[in-house]
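Following: one structure in structure tokens, then a few remarks.
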Amino acid sequence: MTSQTAGMLGIGIVIFAGLFLALLTLLYRRSPLYFRNILAYMRVRRAASRVVEDGTRLHISIGSANLLTPSAASALAGLAIIRHLGEVTSLSDHPPVTTTGSATLNLLAQDTLRTAHEAVATEQAFDMKNARLTGLTPLSYVAGVMPSIRDEKISTNVLIGNFGPEVGLLTEAADRQKTPVIAASDSLPAQAVLYATTQEPLIGEELFAAGAYTQAGPGHAASLLVQDILRWFIILALIGGAVLKMAGLL
Amino acid sequence: MRRIFPIINAVIAIGAGLSVLIGYFVDVRGMTEFRLLLFQWAVVVGGVAVLVGVWNLFSVHLQKIRAKQPGSIYSLILLFFLLLTLFLLIFPLLLQNLVSDDPTQANTVSAANAILLDGIIIPVEVSLMAVLSVTLIVAAIRMLRTRTDLPAILFLATAFVALLGIGLRSFLGQIPVLSDLAQSQLVMNILALGGARGILIGVALGTLTTGLRILLGIDRPYGGE
């Protein structure tokens, strides 16, 4: 396959997926979709309603992805969670705290948290210090997040974004405080660590379902359906390729 | 204006995103140069964002010290070393560029850099990695108590085989059955690679739809409704 054919194929997939996404978003605006239960996201919803009642706060960490790399998508999924949880919990005595390990990501987290705050609590001033950059390398970032987990009356930690295996230090810090952790990463080593250290680990593409499961809008639900459709195409292509190869045609 | 700004933001973000995407797939004259120009701007904005981020870090810890919050002594140490690093690395560079033509100034900067990097940052990060490895072993043992389903047992058995069969090979040498099993075609190329590819395909599809949501203006991480 030449690079031009690959390019055309790539743009074809993007256009196909984009059209499907737009169409399904419009379609499901009226009749919402229902998905299988994912325990971790049920816990997130429960935690959000609890912080308003018991005067604790949520901690949301979206990792240290560079916005110029593909790992930024996991951080964008984390931003959708910040937006939703920010709106739900901004009226509580202790608004949520977000931590990031990337400067550009921190600006986005600040802006998202501020937008969520202004959507519900226009009377109170928003404190920019609720969105924090804790370090610029993966380990310094983790080292900076640990005191927040320990000292700030955190009731639940939501870690969704690009983390490496060092995320194990965060889950351990949360475990010492006996606060639950809901965590997902796009990195395979981090997923292995989270599988061992959290109660309900989110594996693979479940990370990108955050918006759909926290009712962020029909676009998020539609994107899950588009993922499923594309996955079936990939499965058919893999099986078809294997059959053709066995038949000696490829 | 409060309504117009989000629309302008969305138009700029979607336009830039589409230009980069088209430039990535199709080699249209002028599009590649435009894509690189956008990347250069993004790098400059990223550099400025680091300064804003450092100010954020500084102000958060200053507030902690003022409010005498628990652990504020660590904030004090952090601010001291933040300012020391700025003083040691930035001011000599500024002096070198603005005032002096003396090449020994550059040596002073690299010596300070070496002390900070080799003497503080690397040892501290290596120590954290050591703590992490102990933490993971404890977590694996704890997992045996909290979760005893089949996936958990398979996970731990695989970790055990990989650790003894490959990870500790330089200390223990080849362990007859475990090393052969860990390096076997079945484990390495079929089970591990197949599983990893499955997860990565899921992540790639999630990445694609997340990008599309931004290109369609459904998600706006740059603020606004």
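The values are calculated or read from the model by the stated rules, or taken from the named source; none is laboratory data. This one's a predicted model, so the numbers in the text were calculated from it and none came from an experiment. Note that we place each Cβ from the backbone using ideal geometry, even for glycine, and neighbour counts take in every protein chain shown.
Each row is one residue, and each column tells you yes or no for (1) surrounded by 16 or more Cβ atoms within 10 Å (Cβ to Cβ); (2) closer than 30 Å to A:VAL145 by Cα; (3) out of contact with any Leu (no Cβ under 9 Å at 6 or more places or on another chain).
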| site | (1), (2), (3) |
| --- | --- |
| B:ASP118 | no, yes, yes |
| B:ARG142 | no, yes, yes |
| B:THR148 | no, no, yes |
| B:LEU164 | yes, no, no |
| B:GLN174 | no, no, yes |
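Evaluating B:ALA112 against the criteria (1) closer than 29 Å to A:ASN106 by Cβ; (2) at the interface with chain A (Cβ under 7 Å from one of its Cβ atoms); (3) modelled with pLDDT under 90; (4) part of a helix (DSSP H, G or I) leaves one unmet condition, (2). For the range A:1-60, the candidate set comprises residues that are in contact (Cβ under 8 Å) with a residue 40 or more places away in the chain and assigned to a loop (DSSP other than H, G, I, E, B); within that set, the residue that is nearest to A:SER185 (Cα to Cα) is A:ILE38. Scanning the range A:9-24 for any residue that is away from every other protein chain (no Cβ under 14 Å) and on the phi < 0 side of the Ramachandran plot turns up nothing.
How many residues are farther than 28 Å from A:SER155 by Cβ and hydroxyl-bearing (Ser, Thr, Tyr) if we restrict to the range A:177-231? Total meeting the criteria: 1. Checked against (1) more than 22 Å from the chain's Cα centre (by Cα); (2) free of Cβ contacts under 8 Å to residues at least 60 places away in the same chain; (3) buried (at least 16 other Cβ atoms within 10 Å of the Cβ), B:ARG220 passes all but condition (2). Just one residue in the set A:ALA72, A:ALA6, A:ALA48, A:ALA22 is of a type in the set (Gly, Ala, Ser) and modelled with pLDDT of 90 or more; that residue is A:ALA22. For the range A:211-237, a residue qualifies if it is of a type in the set (Gly, Ala, Ser) and in contact with a Phe, Trp or Tyr (Cβ under 7 Å, 6 or more places away or on another chain), and the qualifying residues are A:ALA212, A:ALA221, A:ALA222. The set of residues in the range A:115-135 being under 20 Å from the mean Cα position of the chain (by Cα), modelled with pLDDT under 90 and more than 7 Å from every other protein chain (Cβ to nearest Cβ) consists of A:ALA116, A:HIS117. Remark: B:ALA182 matches the filter, which requires a residue to be more than 13 Å from chain A (Cβ to nearest Cβ) and either surrounded by 13 or more Cβ atoms within 10 Å (Cβ to Cβ) or touching a residue at least 60 places away in the same chain (Cβ under 8 Å) (or both). Entry remark, the range A:4-61: residues being buried (at least 20 other Cβ atoms within 10 Å of the Cβ) and either of a type in the set (Phe, Trp, Tyr) or within 21 Å of A:GLU205 (Cα to Cα) (or both) number 9 in total.
I'd like to check something: does the range B:31-43 contain any residue that is facing another protein chain (nearest Cβ under 8 Å) and acidic (Asp, Glu)? Looking for residues that are facing another protein chain (nearest Cβ under 8 Å) and acidic (Asp, Glu), one finds none in the range B:31-43, hence no. Name the single residue that is farthest from A:VAL167 (Cα to Cα) among those in the range A:204-220 being among the hydrophobic types (A, V, I, L, M, F, W, C) and more than 7 Å from chain B (Cβ to nearest Cβ). Residue satisfying both the conditions and the ranking: A:ALA216. Please work out if A:ILE182 is within 21 Å of A:THR100 (Cβ to Cβ), in contact with a Lys or Arg (Cβ under 9 Å, 6 or more places away or on another chain) and either at the interface with chain B (Cβ under 8 Å from one of its Cβ atoms) or part of a helix (DSSP H, G or I) (or both). So A:ILE182 does not fit the description; no. Among all residue pairs at least 6 apart or on different chains, which show Cβ distances below 8 Å where the first residue, located in the range A:137-159, is under 21 Å from A:ALA184 (Cβ atoms) and within 12 Å of chain B (Cβ to nearest Cβ) and the second is of a type in the set (Phe, Trp, Tyr) and crowded, with 22+ Cβ neighbours inside 10 Å? That search, which allows pairs on different chains as well, returns A:PRO138/A:PHE163. Within the range B:124-169, work out how many residues are among the small types (Gly, Ala, Ser) and at the interface with another protein chain (Cβ under 10 Å from one of its Cβ atoms). Count: 6.
Taking the range B:63-92 as the range and being in a helix (DSSP H, G or I) and facing another protein chain (nearest Cβ under 10 Å) as the test, the residues that pass are B:GLN63, B:LYS64, B:SER72, B:TYR74, B:SER75, B:LEU78.
Listed by first and then second residue, the pairs linking a residue in the range A:223-246 that is within 22 Å of A:TYR34 (Cα to Cα) and more than 9 Å from chain B (Cβ to nearest Cβ) to a residue that is modelled with pLDDT under 95 and assigned to a helix (DSSP H, G or I), with Cβ atoms under 6 Å apart and 6 or more places separating them unless they lie on different chains, are A:LEU225/A:LEU24. Where residues in the range A:94-123 are without any contact (Cβ under 8 Å) to a residue 24 or more places away in the chain and either surrounded by fewer than 23 Cβ atoms within 10 Å (Cβ to Cβ) or of a type in the set (S, T, N, Q) (or both), which of them is nearest to B:TYR222 (Cα to Cα)? Ranking the qualifying residues of the range A:94-123, first place goes to A:ASP111. Can you confirm whether the range B:191-214 contains a residue that is under 24 Å from the mean Cα position of the chain (by Cα), within 13 Å of chain A (Cβ to nearest Cβ), touching a residue at least 12 places away in the same chain (Cβ under 8 Å) and under 27 Å from A:SER74 (Cβ atoms)? Among the residues of the range B:191-214, at least one is under 24 Å from the mean Cα position of the chain (by Cα), within 13 Å of chain A (Cβ to nearest Cβ), touching a residue at least 12 places away in the same chain (Cβ under 8 Å) and under 27 Å from A:SER74 (Cβ atoms), which makes the answer yes.
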